[in-house]
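Asks: Here it is, the structure, as structure tokens.
The values are calculated or read from the model by the stated rules, or taken from the named source; none is laboratory data. No experiment lies behind these values; they were computed from the predicted model shown. For neighbour counting, all protein chains shown are included, and Cβ atoms are generated from backbone atoms with ideal geometry for every residue, glycine included.
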Amino acid sequence: MAIYFDSAATTQLDEQVIEAMHDCMKDNYGNPSSTHSFGRKAKNTLETCRREIAEYFGAQPSEITFTSCGTEADNLAIKCAVEELGVTRIISTEIEHKAVLSMVKNIAKLHHIEVEYVSVNEKGEVDLTHLEELLSNSKKKTLVSLMHANNEIGTLLPIKKVGDLCKEYKAYFHSDTVQTVGHFPLNFEEMGVHFAACAGHKIHGPKGIGFAYINKSISPKSMIIGGGQERGLRAGTENLIGICGLHKALSLSYSNLEKDKQHISQLKNHMKNELLAYFGDQIRINGCPDNSLYTVLSVSFPNNYNNSLLLFKLDMKGIGLSGGSACNSGADQGSHVIRGIYPNASEYIPLRFSFSKYNTIEEVDFCVNALKELVETTVSV
């Protein structure tokens, strides 16, 4: 049996997405910048996709810029805030995705930007009182960068409350929404964000395509210099095949949102209950159970269970999952998210189960039984 429980890293392509991309490759091969009929057809497809994608998020088409991925969208937002909007101070947390953490540290060093980190509790929840204190104690032009949902532990940010605070203190607000796009109804204007991000491969779309939402009140200059595509912001021939795939993936996600949410939530709850019934207080459920992604279950096992060996042996049984973000793969320091929320993080190592519409209860049961068997064997050795 081959079981994939790593959909927070990337998802299986939907067959209907593959079909939409195939049709584009076969019939819509013109360059959107060309003026002949083939180019005009491609341009019309591109702008139709942009318009319909924008509608899902209460946005205007001009507020959607296609990118190669969520990381590029996050980088673009932070770079724009500092280099175009004159931000001299960034407020974030130490449990953000590396796309944000690394970019913040890099641009802070390059432009001498002040960086402050909001406190988070053991559930990964942002301390809104501390955030307001940070916002109120400086007159510097500020960017707040807080992810909508943590990709490792699933904890959700009360994004509207943060947006209201940013508006009150005249701060710009960037949110990495990669894990929530396609899984929750989102209206960027109502949320109060100036910047947001999407990656197609998180919602059964293709890799290599995403978008940055940039609020209409902001007029950034070129981030990639060249032919002037994407309203002069991001030069280079557009990835029309990827854009068609992203468009179809979003259409399917929002058409089937409630059905898929119910199914995936059932899988997550069943996995959590089965693990707790067997392992009890030997394990720790990470994040905030009542306010988290329904697609992610992060469970910490004691170090004596030898989790790296567990992951390897689960893989040998055909079960794919991770210890955290795929972007940390190869790092030897463990999860920075777990270190950021637990004082005794070194005593536990997390396993992240992330589910999709393609998983089943039978797969969950198979995985739980495999874990029971492997833990008994590992601990007894």
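Asks: Here is a list: 106, 75. Which entry is free of Cβ contacts under 8 Å to residues at least 60 places away in the same chain and over 19 Å from residue 199 (Cβ atoms)?
Replies: One residue alone meets the criteria, 106.
Asks: Here is a list: 334, 330, 324. Which entry is part of a loop (DSSP other than H, G, I, E, B), in contact with a strand residue (DSSP E or B) (Cβ under 7 Å, 6 or more places away or on another chain) and either more than 30 Å from residue 253 (Cα to Cα) or modelled with pLDDT of 75 or more (or both)?
Replies: Going through 334, 330, 324 in turn, the sole match is 334.
Asks: Would you point out the residue of the range 149-165, among those that are buried (at least 24 other Cβ atoms within 10 Å of the Cβ) and not aliphatic (A, V, I, L, M), that is nearest to the chain's Cα centre (by Cα)?
Replies: Here the residue is 151.
Asks: Restricting to the range 230-254, name every residue that is closer than 23 Å to residue 35 by Cα, touching a Gly at 6+ places or on another chain (Cβ under 6 Å) and buried (at least 20 other Cβ atoms within 10 Å of the Cβ).
Replies: Within the range 230-254, just 242 meets the criteria.
Asks: A follow-up question, please. Checking the conditions here, which among 201, 174, 263, 183 is in contact (Cβ under 8 Å) with a residue 60 or more places away in the chain, out of contact with any Pro (no Cβ under 9 Å at 6 or more places or on another chain) and not assigned by TED's automatic domain parsing to the domain that holds residue 20?
Replies: Only one candidate passes the filter, namely 263.
Asks: Does residue 54 fit the bill of being buried (at least 18 other Cβ atoms within 10 Å of the Cβ), without any contact (Cβ under 8 Å) to a residue 60 or more places away in the chain, farther than 14 Å from residue 239 by Cα and assigned by TED's automatic domain parsing to the domain that holds residue 203?
Replies: Against the criterion (buried (at least 18 other Cβ atoms within 10 Å of the Cβ), without any contact (Cβ under 8 Å) to a residue 60 or more places away in the chain, farther than 14 Å from residue 239 by Cα and assigned by TED's automatic domain parsing to the domain that holds residue 203), residue 54 qualifies.
Asks: Tally up the residues in the range 165-185 that are in a helix (DSSP H, G or I), farther than 20 Å from residue 63 by Cβ and not aliphatic (A, V, I, L, M), please.
Replies: Counting residues in the range 165-185 that are in a helix (DSSP H, G or I), farther than 20 Å from residue 63 by Cβ and not aliphatic (A, V, I, L, M) gives 1.
Asks: Looking at the range 5-26, I want the residues that are over 24 Å from residue 293 (Cα atoms) and have a partner that is surrounded by fewer than 23 Cβ atoms within 10 Å (Cβ to Cβ) and among the β-branched types (Val, Ile, Thr) with Cβ atoms under 7 Å, at least 6 apart or on another chain. Which pairs are those?
Replies: Short answer, once both residue conditions are applied: 21/241; 24/241; 25/241.
Asks: Could you check, for the range 239-247, whether at least one of its residues is assigned to a loop (DSSP other than H, G, I, E, B), at pLDDT 95 or above, under 22 Å from the mean Cα position of the chain (by Cα) and among the small types (Gly, Ala, Ser)?
Replies: Checking the range 239-247: not a single residue is assigned to a loop (DSSP other than H, G, I, E, B), at pLDDT 95 or above, under 22 Å from the mean Cα position of the chain (by Cα) and among the small types (Gly, Ala, Ser).
Asks: Within the range 211-229, is even one residue within 23 Å of residue 15 (Cα to Cα), within 13 Å of the chain's Cα centre (by Cα) and touching a residue at least 24 places away in the same chain (Cβ under 8 Å)?
Replies: Yes, some residue in the range 211-229 is within 23 Å of residue 15 (Cα to Cα), within 13 Å of the chain's Cα centre (by Cα) and touching a residue at least 24 places away in the same chain (Cβ under 8 Å).
Asks: Taking the range 278-295 as the search range and keeping residues that are at pLDDT 90 or above, in a loop (DSSP other than H, G, I, E, B) and not small (Gly, Ala, Ser), which one is surrounded by the fewest Cβ atoms within 10 Å (Cβ to Cβ)?
Replies: 291
Asks: Out of all the residues in the range 296-306, is one or more in contact with a Gly (Cβ under 6 Å, 6 or more places away or on another chain) and modelled with pLDDT of 95 or more?
Replies: yes
Per-residue answers, yes or no, for (1) part of a helix (DSSP H, G or I); (2) more than 16 Å from the chain's Cα centre (by Cα); (3) of a type in the set (Val, Ile, Thr):
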residue	(1), (2), (3)
62	yes, yes, no
79	yes, yes, no
82	yes, yes, yes
85	no, yes, no
99	yes, no, no
102	yes, no, no
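Asks: Continuing with the same structure: List, please: which pairs have Cβ atoms under 9 Å, are six or more places apart or on different chains, and start with a residue in the range 120-136 that is in a loop (DSSP other than H, G, I, E, B) and end with one that is among the polar types (S, T, N, Q) and surrounded by fewer than 18 Cβ atoms within 10 Å (Cβ to Cβ)?
Replies: Qualifying pairs under 9 Å: 123/291; 125/291; 127/119; 127/121.
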